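The values are calculated or read from the model by the stated rules, or taken from the named source; none is laboratory data. Every value quoted in this text rests on a predicted model; they were computed, and no experiment measured them. When we count neighbours, we look across all protein chains shown, and the Cβ atoms used for this are built from the backbone with ideal geometry, even at glycine. Calculation scope for accessible area: heavy atoms of the full protein, side chains included, ligands and nucleic acids excluded. Shrake-Rupley method; radii C 1.70, N 1.55, O 1.52, S 1.80 Å.
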Amino acid sequence: MRDLFLAYQSLVAFVGINGLLALSVYATLCCGQLSLANAGFMAIGAYTGALITLHSNAPFIAVLAAAALAPALVAVPLGLPVLRLRGVFLAIATIGFGEMVRLFFVNWDYTNGAMGLVAIPQRAGLWTIWLSLAVALYLLARVRGSRFGTALEAIREDETAARTMGIDTTAHKLAMLVLGAGLAGLAGGLEAHYTFMVAPGGYGFARVVEMLVQAVVGGTAAFFGPVAGAAFLTVLPEVLREAGSRLGFAPGPFRLLLNGLILLAVILYLPNGLVSLKRRKA
Amino acid sequence: MEQQALNGLFVGSIYALFAVGYTLVFGVLDILNLAHQAVFMLAAFIALALVAVRLPLWAALPLAMVAAGCIGLVLERVAFRPLRDRADSNISGLISSIAVATVFEAIAMQIFGPDISRFSENTFPDRIIHVGSATASLLQLCIIGISVLLMGALTLLLARTRLGRQIRAVAESPRAARVLGINVNRVIAAAFFISSALGGAAGVLFGLAFNSISPDVGRSVELKGLAVIILGGMGSIPGAVAAGFALGLIEVFTVARFGSSWRDGVSFAVLFLVLLARPRGLFGQAAAREA
C-alpha cells in the first residue's frame, strides 16, 4: 500500500494542481465569461514565487500569498478594459494577453529567458497542494450560496437583464477574474515549488486549453465539477497507458487523442459535464 | 529596405491566405474555428507524403487542398453541425473545435512522429531572382503569386457565383436564407470546404517556405491568424487580406529594428490594441454585434 502511494505520489499532486487551475477557469466561466488569460496568470505566480524563494528566506506561506497576489493585481488593470468585450472577443483578447506574458518571460534575461529558473527548492508537498485546493473549493462553495453568487448566475444567463436589475456587472465580472487570477497564480507557485523549475514554455496557449478542457469535461454547473474533470483527465491516461501501447500508440499522442475524444464526447452529449451523469440517474 | 518589404509581403501572403479561410467561417457561422490550424498542419503533412511518393509538387498542392477541404467537411459534420441549435453555440463550438484540433494533432503525431519533418532537397528549384535592389528566391515569389491567385479566386467566387451569393446570404441571416429556399446546411458545408482548402494551401506553402513541419506547426500561425482577422474585422475577406500583408510587413520591420525575439510580440500587441480601441477592426461592419 505504501509503495503504491509513493509510486502515485506525483499523480496525486498533479491532480491537486490541475484541480486548482481548472477552478481558476471556472471562476470566470461561472458568470458566462470565457477568459483564456490563466496560463499567463499562472506564469506570473510561478515566477513571483520562484524569485522570492531563490532570493530571500521568506516563509513558504508568504511566498504562496505573493504568488497568488501578483497576478490578482495584474488582473485589475487587464480586466477593466477587456471585460467590456463579449463572447469570442473576450477569449481572443485574453489569449493575446497570455501570449504577451509568455513572451515577456522568454525575453527577460534576469530569469534566463526561455531556459527559465531551475533548482527551486521543493517546498510544496501533497499537504500544501491539497490544503490550497480545499481552501479554494470552500471559497467557491461560499460564493455559490451567497447573494453575490446568485448575481453571477444572473449575469451568466442574461447580462443585459442583470444590469437592468441593478447588478453592477462589471464589478462582479472583475471580482471573478481577479479570483481566477489568484487561483492560477497560487497553482503556478505550488507547481514551481513541486517540480523544481519554471520555464515560459510551460505557460503557452496549450496550457490554458488544458485547463479549459478539464473544467468543461468535469462540468461547470457545480463548483466541484472542474476538480472532478481535472482528476479524471489527469488519472485516466495513466490508467489506460498500457492499453494504448498495446494498440500501438506512443504515450504522447495517445494522451492527446484521449483528451480530444473525451472533450468532444462531453461537449456533444453531456453539455453540463461529467458531474451531470449522477443527477441524470437520480 | 526593399528587401524587408519583399520579405514582409512574402510572410504576409501566407498569413493572409490562412486568415481568409478563418474569417470566412466566422462570417458565415459566427464561430471561431480553432481547428483551422490543425487542417493547415495536416495539409502540409499530406503534401509532404505525396511528394515523398514522387508526385510532382504541382500535383501535390491541389491534391492536398482537396484533402484539406474534405477534412473540413468532416470537421463541420462532427464538431459544428450537432451544436448548431444550442443557445451557447459560439462558445461550445469554439470548445468542440479545440477538441477536434487535439484529435488531428494526435493523429499527425502518431503517423509522422513528434519531430520536425522536411521536404527532400530539390523539391523546388533553388533559383535566386533580383527584384530592384532586393533578392528573392523563386519559391518566395511563387508563394506570393499562388496566394494572391487563390485569394482572387475566392473574391470572384463570393461576388459572382451562385454559391457565393448563397454563402453571403447565409452569413447575413441563416433564417432568411432558409426562407428563400437555400439549403443552409449544404452552404455551410461548402464554406467549410473552401475555408479548409485555403487553409490547407497556406499550410503547404508554409511548409515549403520554411521547410519544417511538425504536429504543432499550426499553433503559432493560429495566433497570428487571430491577430489578422481581428485587425481586418471579423468576417471581412478584404480586411483579412489587407491585415495579413500588414502584419507580415509590421513583423519583418519589427525584427529588423528590435531583434527576432519580439517577432511574435507584435501580433499580440496589435490584437490587443485593436480589440480595445476599435473592436470591429479596419474593415468590419459598422456596428459589430458582439463587441
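Can you name the helices (runs of 4 or more DSSP H) wholly within segment A:1-109 that have at least 3 residues being of a type in the set (A, V, I, L, M, F, W, C) and over 19 Å from A:L186 (Cβ atoms)?
Correct list: A:2-7, A:87-107.
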Return the pair list, or none, for Cβ contacts closer than 6 Å from residues in segment B:208-221 that are within 13 Å of chain A (Cβ to nearest Cβ) to residues that are at pLDDT 90 or above and open to solvent by 20 Å² or more (accessible area, probe 1.4 Å), at least 6 apart or on different chains.
B:P215/B:M109
Where in segment A:110-188 are the helices (runs of 4 or more DSSP H), entirely inside, with at least 3 residues that are in contact with a His (Cβ under 9 Å, 6 or more places away or on another chain)?
A:147-157
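Answer yes or no: is there a residue in segment B:21-36 that is in contact (Cβ under 8 Å) with a residue 12 or more places away in the chain, hydrophobic (A, V, I, L, M, F, W, C) and open to solvent by 30 Å² or more (accessible area, probe 1.4 Å). Even if it seems obvious, please write down each step before you answer.
Applying the first criterion (in contact (Cβ under 8 Å) with a residue 12 or more places away in the chain) to segment B:21-36 yields B:21-36.
Pick out the ones that are also hydrophobic (A, V, I, L, M, F, W, C) and you get B:24-26, B:28-29, B:31-32, B:34-35.
Now restrict to residues that are open to solvent by 30 Å² or more (accessible area, probe 1.4 Å): B:29.
Yes, some residue in segment B:21-36 is in contact (Cβ under 8 Å) with a residue 12 or more places away in the chain, hydrophobic (A, V, I, L, M, F, W, C) and open to solvent by 30 Å² or more (accessible area, probe 1.4 Å).
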Of the residues that make up segment B:44-51, is at least one within 15 Å of the chain's Cα centre (by Cα) and open to solvent by less than 30 Å² (accessible area, probe 1.4 Å)?
yes
Failed condition for B:L34, given (1) under 29 Å from A:G87 (Cβ atoms); (2) part of a helix (DSSP H, G or I):
(2)
Which residue, of B:S267, B:S261, is surrounded by fewer than 20 Cβ atoms within 10 Å (Cβ to Cβ), part of a helix (DSSP H, G or I), within 14 Å of another protein chain (Cβ to nearest Cβ) and at pLDDT below 90?
B:S261
Within segment A:215-225, is even one residue away from chain B (no Cβ under 14 Å), touching a residue at least 12 places away in the same chain (Cβ under 8 Å) and small (G, A, S)?
yes
Near pairs, Cβ below 8 angstrom, 6+ apart or cross-chain, from segment A:90-119 (at the interface with chain B (Cβ under 9 Å from one of its Cβ atoms)) to any residue that is open to solvent by 60 Å² or more (accessible area, probe 1.4 Å) and of a type outside the set (G, A, S):
A:L103/B:W262; A:N107/B:W262
Of these, A:V227, A:V209, which one is in a helix (DSSP H, G or I), modelled with pLDDT under 90, buried (at least 20 other Cβ atoms within 10 Å of the Cβ) and not polar (S, T, N, Q)?
A:V209
Could you list, in sequence order, all residues of segment B:82-114 that are at pLDDT 90 or above, closer than 20 Å to A:Y269 by Cα and more than 7 Å from chain A (Cβ to nearest Cβ)?
B:S97, B:A101
Quick check on my filter: what residues within segment A:111-144 are of a type in the set (K, R) and surrounded by 17 or more Cβ atoms within 10 Å (Cβ to Cβ)?
A:R123
Looking at the structure I just gave you, is A:A93 under 18 Å from A:G32 (Cβ atoms) and crowded, with 23+ Cβ neighbours inside 10 Å?
yes
Considering only residues that are out of contact with any Phe, Trp or Tyr (no Cβ under 9 Å at 6 or more places or on another chain) and farther than 19 Å from A:A13 by Cβ, which ones fall in segment A:111-133?
A:N112, A:M115
Residues of segment A:258-275 being of a type outside the set (A, V, I, L, M, F, W, C) and surrounded by 20 or more Cβ atoms within 10 Å (Cβ to Cβ), which ones?
A:N259, A:G260, A:G273
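Which is at pLDDT 90 or above and touching a Ser or Thr at 6+ places or on another chain (Cβ under 6 Å), of B:A191, B:A240?
Values: B:A191 fails: touching a Ser or Thr at 6+ places or on another chain (Cβ under 6 Å).
Among B:A191, B:A240, only B:A240 is at pLDDT 90 or above and touching a Ser or Thr at 6+ places or on another chain (Cβ under 6 Å).
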The one condition A:F254 fails out of (1) buried (at least 19 other Cβ atoms within 10 Å of the Cβ); (2) at pLDDT 90 or above is (2)
Can you tell me which of B:A242, B:A256 is more than 11 Å from every other protein chain (Cβ to nearest Cβ), within 29 Å of B:L163 (Cα to Cα) and either under 19 Å from the mean Cα position of the chain (by Cα) or in a helix (DSSP H, G or I) (or both)?
B:A242
Quick count over segment A:246-280, residues being within 24 Å of A:A13 (Cβ to Cβ) and either in contact with a Pro (Cβ under 7 Å, 6 or more places away or on another chain) or part of a helix (DSSP H, G or I) (or both), is 9
Within segment A:33-78, which residues are touching a Lys or Arg at 6+ places or on another chain (Cβ under 8 Å) and surrounded by fewer than 24 Cβ atoms within 10 Å (Cβ to Cβ)?
A:T53, A:F60, A:V63
Selected residue (criterion: modelled with the highest pLDDT) from residues of segment A:233-245 that are within 14 Å of chain B (Cβ to nearest Cβ) and part of a helix (DSSP H, G or I):
A:L233
